[in-house]
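Taking it in order: structure first as structure tokens, then the write-up.
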Amino acid sequence: MNRLWLVSDISYSETKKNHAGADMLYNRQKMEVSDQLPEGLYSNQSIVVCKTSSIEIIFTPDKVIIIEKSRSVTVIFNKDLEINISNILYVEDEKIPEDAIVNRYVWEHPNKDGSPDRRYKQNKQLPECMYATIQIGSMNQNINIIFLASCYKTAQTMREIFMMV
């Protein structure tokens with residue numbers, strides 16, 4: 001099963017010891033992807049809706065509509081969009097998606113050399129997976145949306161869907 005998340009925040013880890021050696025920490029929300037518009041909106045065009053508990057991102061053939069829980073709405077025309085995909089290594093602390101590629105296993109609390117820190121009794125190994133980010137930006141409106149996909153192929157497929165809609 002492919003998984004897609006919306007990245008709501010990225011922070012840099014000051015201490016790798018508590019984050020399985022990760023440099024960057026991603027705060028993510030699981031996304032649902034469908035073709036169902038929010039209540040009150042109608043379209044005769046094909047659309048893709050990416051939804052979390054806090055935001056809905058609607059991809060239409062000519063624009064992207066971002067509806068936040070606060071009910072603020074942003075519209076970006078596709079000609080102003082830039083979509084980039086890149087691979088990342090992500091230390092997964094939840095169930096591994098079926099399509100994810102495990103690069104290696106790392107200790108939750110590692111020493112500098114990567115060995116387990118014996119001070120932690122519950123120091124478990126976590127999978128470091130090959131994930132991909134989909135970054136959607138608009139220079140005109142200072143928008144930067146980042147999705148995290150469970151594999152590069154999923155990211156490519158999502159990018160194609162976003163571009164085709």
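In whole Hz and in residue order, list the ³J(HN,Hα) couplings for region 48-59 that follow from phi through the Karplus curve 6.51 cos²θ - 1.76 cosθ + 1.60, θ = phi - 60°; x for Gly and Pro.
Along region 48-59, the couplings run 10, 10, 10, 9, 10, 6, 10, 8, 10, 10, 10, 9 Hz.
Cα to Cα, under 16 Å, and not fewer than 8 places away if on the same chain: which lysines meet these conditions relative to LYS79?
Candidates past the 8-residue exclusion: LYS63.
Under the rule of at least 5 residues apart or a separate chain, name every residue whose amide H is placed under 5 Å from the amide H of ASP117.
For ASP117, whose amide H was placed from the backbone, the distant partners under 5 Å are HIS109, ASN111.
Given H placed 1.01 Å from N in the peptide plane, which residues other than close sequence neighbours of LEU126 have an amide H under 5 Å from its amide H?
Long-range HN contacts for LEU126: VAL106, TRP107, GLU108.
Could you list TYR152, TYR90 so that the one with the fewest beta carbons within 10 Å of its beta carbon is first and the one with the most is last?
On the way: TYR152 18, TYR90 22.
With the fewest neighbours first, TYR152, TYR90 line up as TYR152, TYR90.
What's the angle, to the nearest 10 degrees (0 to 90), between helix 152-164's Cα axis and the longest principal axis of the chain?
10 degrees
In debye, nearest 20: dipole of region 4-164 around its Cα centre with unit charges on the Cβ of K, R (+) and D, E (-)?
Numbers: 18 positive and 21 negative charges, 99 e Å.
Dipole about the Cα centre, nearest 20: 480 debye.
List every residue whose amide H lies under 5 Å from the amide H of MET31, counting only residues 5 or more places away in sequence or on a different chain, with H placed 1.01 Å from N in the peptide plane.
Those qualifying (amide H under 5 Å, at least 5 residues apart or on another chain) are LEU4, TRP5, LEU6.
Return the sequence-ordered ³J(HN,Hα) values of region 86-103 in whole Hz as given by the Karplus equation 6.51 cos²θ - 1.76 cosθ + 1.60 applied to θ = phi - 60°, using x for Gly and Pro.
In residue order, the calculated couplings are 8, 7, 9, 9, 10, 7, 8, 10, 10, 4, 6, x, 4, 8, 6, 9, 7, 6 Hz.
In whole angstrom, how long is each semi-axis of the equivalent ellipsoid of region 4-164, when you take the square root of 5 times every eigenvalue of its Cα gyration tensor and sort them from largest down?
Values: eigenvalues 242, 46, 40 Å².
Ellipsoid half-lengths, sorted descending, are 35, 15, 14 Å.
At 222 nm, what value in deg cm²/dmol follows for the chain if DSSP H runs of at least 4 each add -39500 (n - 2.57) and the sum is divided by all its residues, to the nearest 500? Kindly include the intermediate steps, with their values, before the conclusion.
On the way: 1 runs with 13 residues, N = 165.
So the helix-based figure for the chain works out to -2500 deg cm²/dmol.
Highest mean first, what order results for 121-127, 107-113 on Cβ atoms within 10 Å? Spell out each step's value before the answer.
Numbers: 121-127: 12.1, 107-113: 14.7.
Sorting 121-127, 107-113 by mean packing, highest first, produces 107-113, 121-127.
Values in this text are rule-based calculations from the coordinates and carry no lab data. Keep in mind that this is a model prediction, so the values were computed, not measured. Cβ: placed from backbone, ideal geometry, glycine included. Neighbour counts: every protein chain shown.
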